[in-house]
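The values are calculated or read from the model by the stated rules, or taken from the named source; none is laboratory data. If you're wondering where the values come from, they're calculated on a predicted model, not measured in any experiment. Quick reminder, even Gly has a Cβ in these numbers, built from the backbone with ideal geometry, and neighbours come from all protein chains shown.
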Amino acid sequence: MDSKFKSSSNFRGRTRLRLTTSGLPNSALQKSIIGKVTTDPLPIAERTLRILVSERVPEKLSELNGYGGFLTRTKLATQAIPVPSVSSVSEIDHLRTNDIVVIEPNNGFIRTLYRPDSDHNVIFATERCNSNCLMCSQPPQDRDDIEALTERNLQLIEIIDPPPKRLVITGGEPTLLGKHLFKIITALRDIMPETYVHMLTNGRIFAWRAFTAEFAKLRHPDFMLGIPVYSNDAATHDYVVQAKGAFDQTILGLHQLARYGLRVEVRVVLHAITVPRLVELAEYIYRNLTFVEHIALMGLENIGYAPRNMGALWIDPYDYQSQLESAVELLSTRGMNVSIYNHQLCVLRRSLWKFARKSISDWKNIYLSDCLPCRVKEQCGGFFKWATKLHSSHICALS
Amino acid sequence: MNDDLEAISSGPTSEFSATVYLDPRIFSREAVLKASYWASGAAYVRIPESHDGRFVVEVELKQKVPTLSDPKPISIQEFLKEFCNSLMDFELRRQIEAETSKVRELILAKAFSESGVLEDEPPGTFVDPVELQKPTSLVQIIAPSRPSNQ
Amino acid sequence: MARVFYPAENYVGTDTGYQLLPFRFIRLDDANELLVNEVGEYILAPTGTVASFVGKQLPRSSPLYSVLKSKHFLADSSSSPLLDILATKFRTKFDFIHGFTKLHIFVVTLRCDHSCHYCQVSRQTADKAAYDMSIQTAEKSIELMMMSPASHVTMELQGGEPLLAFDLIQLMVPLAKKRATAFKKSMDIVVTTNLANATDDMLRYFRDEGVMVSTSLDGPAFIHNANRPRPGNDSYELAVQNIERARNILGPQRVSALMTTTQLSLQHPTEIIDEYVRLGFHSVFLRPISPYGFAIKSAKKTGYRLKEFLQFYRIGLGHILNINRSGYSLAEVYAKILLTKILTPYGTGFVDLQSPAGAGINVLVYNYDGDVYATDESRMLAEMGDFSFRLGNVHQHSHKDIFTGDAFVKLMAASCNQALAGCSDCAFQSYCGSDPIFNHATQGDIFGHRPTSDFCRRNMTIIKELFAQILKHDSETMRIFWAWIQNSSLRQISEVGPA
């Protein structure tokens, strides 16, 4: 379903954000290095853990001494750079001073881990997962990356400064970290107690009371768990997440979390499998999960597993407005806190606009070229950047 | 449940009374008594001794003439229809009770017990493919008494 | 190992049949049945559904199957019955029991300047000493209130006309507050008064002490004055003036009004409701008259038939809904209580409609003479010589004596509708309640006879009426109901969204 619309840059006119790039690592780059970017040279005393990013290589290589790392677009011949570095980097324009990046030795991979001017920073816990959702936007890898990522994340937490307003812990399934997750949350609690932490998890492990009790002992001051429930029907939920018994564990987990006073939000991704029973699910949430602080009804992301399962998943959001409106009405009249994520205002019924949020992370947020003249563009959350391939047939600028 | 209609044989014995015969293979004593209890609102109910094994219920409508507060008293035919419905409903309720009373007691016991005392173990397992191949400390957190190689 | 996707059938499991979970049902009309589970969640289904469901004839593919499963009506092998979730929901429904006796009514005097036809207290027009609570009795009663395990109690000052004993009130309020602090309880204080004797000083006292005022408003003048005679026949005019004065001094949120229904009231539901709107009230309680005390003695004046009340209620409810639709927020309190039980996961602690019954468990009455009663109605019966529900006396009995005494223990046997004939099978069990004292007064024993019980018929009719409204699926009506349940205005419900 290719679109005749082209993506436009986001309305501020900046080039689209990227989070990864790569180049050629040098021999000094032996292990993963985390550091804070600087695009201007720094005095020697301030160079520890800083990664200098520059178009060109300085005349005197000794000028690089003391930096944690060095990135350049220049192709290097046989010069021996004294610090771990990556040359011939394909893109460096997206790297700004105080961004935190990790550079990898084997493939010269440069990943941005943290951007101080973004509201959408993430602690990526693991690619492992014990579910396998049909529409997963971050498909799991069955490789044990937990030790390495935990070490990286703990370093990251140490050097983030100043502390952000909010951080999201995600994956894969963060609870697979076990004790390591507790270490990460404890670090967040101790180092940046004012930062609100939201953790995305399938919640299944919380069915085991012992785990929930341990988790509760961490006493993070501002913590919320975002847990998906896709149906009131166990078989349907299990099918969506591709795991038998997941529904039962998730519901039991939600109850244990509530028992220990931990804050939870329920998330529902809207697609052809979840939409038919959406109103029943809303009623189920109200009657069985009355304690949830928030319910997020979310538009489908066409990335990860979603494209290959699109045959079973696709429904034009315009075509489910009736169920969406009924579900939102049901929840909101009962005093439940509801939001709609990832939907465009031209597709949503007018009564639902007040529930719509600008939810898409900046680095993957675009508007289509047809959106330019739209009167409510500022208010509208726009699209995921992969929406150019697939989106509602009812997109139109409103006047 | 169509047999029930033959299991109930009822005939008005007058404009205001009737005798109902019930097959005890279809209707339990409990259903008969409960339906009779509710019938005793609008009628006088007698359950005399039976000579052929069937339940016998004699009913006589209390209100025979219209009054200001009840200008259209129920007829014996209407009453018998409702009585039959009531019998079938109470028989269903008996079946429900027979099948669910233990679970109901369990639910109430769980509701009023000390936190966690009567709680079930969660169903299924939690692990992902990596954990399955090489168990880690995760399992210990879930079940502290279980050794990690199990 | 590469991950594979499995089809939906893989998660359904083999069909090995289903087991029933506990539920009750009722025929709503010729075409429909209502199934209700242990926590009041309901399903409307065509007649015959229960028979086929119980007969294990319901196919897995039927859309009703998954609704029955997710609402805990059935369990099957494909997933866990989640009994612990159901148990938690059950506990939530009965949370109103927590804390035991929360409403404590103090009859500070029997003296009164009105002669209301329905009054549940003997008229006593003089002799302060004989008919006022002594300070010693007040002290002992307050101590007994503090023995309740509840962390929050409501102290209701009543009579006769309590303002005739204002001096006593001025001693009781600070004493109760001091004791509540010592026992680490929070406390609300309410005075139920006709306001005829309320001076500005008294009202200011109530404002300063945080005492709420509950007064009577039976309707427009011709009804109010006819119901509530007083020398000068100006009860209505006084009430209106004094409601205004009380609102000015205490603030409108601290002043509420209750109506009492008489034979005359039954003819004029819309006028009564319009009067409440005219005076700016946002809730009205269409209460039935209790068949106790003075009302029975003067049966001619208050001869009252259930059928007429039900008609009054139906017309009244319809009128109130229309008022809401026109933009004025007005809740009907009895409907709100029932709707809370029907539509929400929560129970309610309204003493006249709970199971276990409110008597003693949720309310206790301390009479002017120190006698302790299970309910206000029990006290009425005592006025007529029937002391069945006198639980003790504050000067002779401890909290333990009262709650292990014969009178209370006997009452308990009939307090749970789960165990009463007729109620134990009723689909409306979790919405309704039990009232052993009502049964005793109207039918001669605390268990009552359900088929001829006015309590039963009244509640069944009103519950069916509310279901008729709910099952219309009219979104405006539902929004009105939800505004009532949540104590907010219709506008607040309709405008729900982020701040």
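Does at least one position in the range A:320-327 carry a residue that is modelled with pLDDT of 95 or more, out of contact with any Gly (no Cβ under 9 Å at 6 or more places or on another chain), surrounded by fewer than 20 Cβ atoms within 10 Å (Cβ to Cβ) and of a type outside the set (S, T, N, Q)?
yes
Where the second residue is of a type in the set (D, E) and the first is over 9 Å from A:G171 (Cα atoms) and lies in the range A:120-134, which pairs have Cβ atoms under 7 Å and are six or more apart or on separate chains?
A:H120/A:D362; A:N130/A:E173; A:N130/B:D128; A:S131/A:E173
Matching residues to (1) more than 7 Å from every other protein chain (Cβ to nearest Cβ); (2) buried (at least 19 other Cβ atoms within 10 Å of the Cβ); (3) hydroxyl-bearing (S, T, Y):
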| site | (1), (2), (3) |
| --- | --- |
| C:A31 | yes, no, no |
| C:V36 | yes, yes, no |
| C:G40 | yes, yes, no |
| C:Q57 | yes, no, no |
| C:Y65 | yes, no, yes |
| C:S70 | no, yes, yes |
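Table: residues versus (1) closer than 23 Å to C:S453 by Cβ; (2) buried (at least 19 other Cβ atoms within 10 Å of the Cβ); (3) touching a Gly at 6+ places or on another chain (Cβ under 9 Å); (4) without any contact (Cβ under 8 Å) to a residue 24 or more places away in the chain.
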site: C:M384; (1), (2), (3), (4): yes, no, yes, no
site: C:F387; (1), (2), (3), (4): no, no, no, yes
site: C:D401; (1), (2), (3), (4): no, no, yes, yes
site: C:G405; (1), (2), (3), (4): no, no, yes, yes
site: C:K410; (1), (2), (3), (4): yes, no, no, no
site: C:N417; (1), (2), (3), (4): yes, yes, yes, no
site: C:A427; (1), (2), (3), (4): yes, yes, no, no
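Out of the residues in the range C:10-29 meeting the condition of being within 20 Å of A:H237 (Cα to Cα) and surrounded by fewer than 21 Cβ atoms within 10 Å (Cβ to Cβ), tell me which one is modelled with the lowest pLDDT.
Checked the range C:10-29; the qualifying residue modelled with the lowest pLDDT is C:G13.
For the range A:123-168, how many residues are hydrophobic (A, V, I, L, M, F, W, C) and either within 14 Å of chain B (Cβ to nearest Cβ) or in contact with a Ser or Thr (Cβ under 8 Å, 6 or more places away or on another chain) (or both)?
So the answer is 10.
Given (1) farther than 17 Å from C:E41 by Cα; (2) among the basic types (K, R); (3) surrounded by fewer than 22 Cβ atoms within 10 Å (Cβ to Cβ), identify the lone condition not met by C:R450.
The failed condition is (3).
Does the range C:426-446 contain at least one residue that is more than 14 Å from chain B (Cβ to nearest Cβ), acidic (D, E), within 26 Å of B:S86 (Cβ to Cβ) and part of a helix (DSSP H, G or I)?
No, the conditions are met nowhere in the range C:426-446.
Taking helices (runs of 4 or more DSSP H) that do not extend beyond the range C:200-293, which have at least 1 residues that are at pLDDT 95 or above?
Result: C:200-209, C:221-227, C:235-250, C:269-278.
What's the number of the only condition in (1) within 29 Å of the chain's Cα centre (by Cα); (2) touching a residue at least 24 places away in the same chain (Cβ under 8 Å) that A:R50 fails to meet?
Of everything listed in (1) within 29 Å of the chain's Cα centre (by Cα); (2) touching a residue at least 24 places away in the same chain (Cβ under 8 Å), A:R50 misses just condition (2).
For the list (1) touching a Cys at 6+ places or on another chain (Cβ under 9 Å); (2) within 11 Å of another protein chain (Cβ to nearest Cβ); (3) not charged (D, E, K, R), I need the number of the one condition that A:P228 fails.
Going through (1) touching a Cys at 6+ places or on another chain (Cβ under 9 Å); (2) within 11 Å of another protein chain (Cβ to nearest Cβ); (3) not charged (D, E, K, R) one by one, A:P228 breaks only (2).
Could you go through the range A:191-198 and let me know if any residue there is farther than 29 Å from A:H271 by Cβ and touching a His at 6+ places or on another chain (Cβ under 9 Å).
yes
Residue check, A:S359 against (1) in a strand (DSSP E or B); (2) modelled with pLDDT under 95, all met but one. Which one?
Failing condition for A:S359: (1).
If you go through the range B:110-138 one residue at a time, how many are farther than 24 Å from A:D238 by Cβ and under 47 Å from the mean Cα position of the chain (by Cα)?
So the count comes out to 9.
Please go through (1) away from chain C (no Cβ under 14 Å); (2) under 19 Å from A:L352 (Cα atoms) for A:A282 and return the number of the only condition it doesn't satisfy.
Unmet for A:A282, out of (1) away from chain C (no Cβ under 14 Å); (2) under 19 Å from A:L352 (Cα atoms): (1).
Quick one: would you say C:P7 is touching a residue at least 12 places away in the same chain (Cβ under 8 Å) and within 27 Å of A:D238 (Cα to Cα)?
no
As an exercise: evaluate B:P66 against (1) surrounded by fewer than 16 Cβ atoms within 10 Å (Cβ to Cβ); (2) farther than 22 Å from C:D454 by Cβ; (3) away from chain C (no Cβ under 12 Å); (4) without any contact (Cβ under 8 Å) to a residue 12 or more places away in the chain and give the number of the one condition it does not meet.
(2)
Being at the interface with chain C (Cβ under 8 Å from one of its Cβ atoms) and assigned to a helix (DSSP H, G or I) narrows it down to one of B:L92, B:L87, B:L132, so name that one.
B:L92
Which of the residues spanning the range A:109-130 are buried (at least 22 other Cβ atoms within 10 Å of the Cβ) and closer than 17 Å to C:A2 by Cβ?
Matches in the range A:109-130: A:R128, A:C129, A:N130.
Can you tell me which residues in the range A:302-327 are among the aliphatic types (A, V, I, L, M) and in contact with a Phe, Trp or Tyr (Cβ under 6 Å, 6 or more places away or on another chain)?
Listed by number, the list holds a single entry, A:I303.
Across the range A:379-388, what is the total count of residues that are in a loop (DSSP other than H, G, I, E, B), under 19 Å from the mean Cα position of the chain (by Cα) and more than 14 Å from chain C (Cβ to nearest Cβ)?
The total comes to 1.
Could you tell me which residue of the range C:410-422 is farthest from the other protein chains (Cβ to nearest Cβ), considering only residues that are touching a Ser or Thr at 6+ places or on another chain (Cβ under 7 Å) and within 21 Å of C:P22 (Cα to Cα)?
C:N417
I need the helices (runs of 4 or more DSSP H) fully contained in the range C:99-182, keeping only those with at least 2 residues that are assigned by TED's automatic domain parsing to the domain that holds C:P231 and modelled with pLDDT under 95.
Output list reads C:128-131.
Check whether at least one residue in the range B:32-41 is under 15 Å from the mean Cα position of the chain (by Cα), within 30 Å of C:Y18 (Cβ to Cβ) and in a loop (DSSP other than H, G, I, E, B), and report yes or no.
No: the range B:32-41 contains no residue that is under 15 Å from the mean Cα position of the chain (by Cα), within 30 Å of C:Y18 (Cβ to Cβ) and in a loop (DSSP other than H, G, I, E, B).
Go through the range C:86-121 and give me each residue that's basic (K, R) and either within 14 Å of chain B (Cβ to nearest Cβ) or free of Cβ contacts under 8 Å to residues at least 12 places away in the same chain (or both).
Of everything in the range C:86-121, those that are basic (K, R) and either within 14 Å of chain B (Cβ to nearest Cβ) or free of Cβ contacts under 8 Å to residues at least 12 places away in the same chain (or both) turn out to be C:K89, C:R91, C:K93.
Restricting attention to the range C:454-466, and to residues there that are buried (at least 21 other Cβ atoms within 10 Å of the Cβ) and without any contact (Cβ under 8 Å) to a residue 40 or more places away in the chain, which single residue is farthest from the other protein chains (Cβ to nearest Cβ)?
Looking at residues that are buried (at least 21 other Cβ atoms within 10 Å of the Cβ) and without any contact (Cβ under 8 Å) to a residue 40 or more places away in the chain, I get C:F455.
Quick one: what pairs do we get from the range A:362-378, first residue assigned to a strand (DSSP E or B) and at pLDDT 90 or above, second β-branched (V, I, T) and surrounded by 15 or more Cβ atoms within 10 Å (Cβ to Cβ), C-beta under 8 Å, 6+ apart or different chains?
Between residues of the range A:362-378 that are assigned to a strand (DSSP E or B) and at pLDDT 90 or above and residues that are β-branched (V, I, T) and surrounded by 15 or more Cβ atoms within 10 Å (Cβ to Cβ), the close pairs are A:I366/A:T388; A:L368/A:T388; A:L368/A:I395.
Output the number of residues of the range C:72-85 satisfying the condition of being among the β-branched types (V, I, T) and at the interface with chain B (Cβ under 8 Å from one of its Cβ atoms).
The number of residues fulfilling the criteria is 0.
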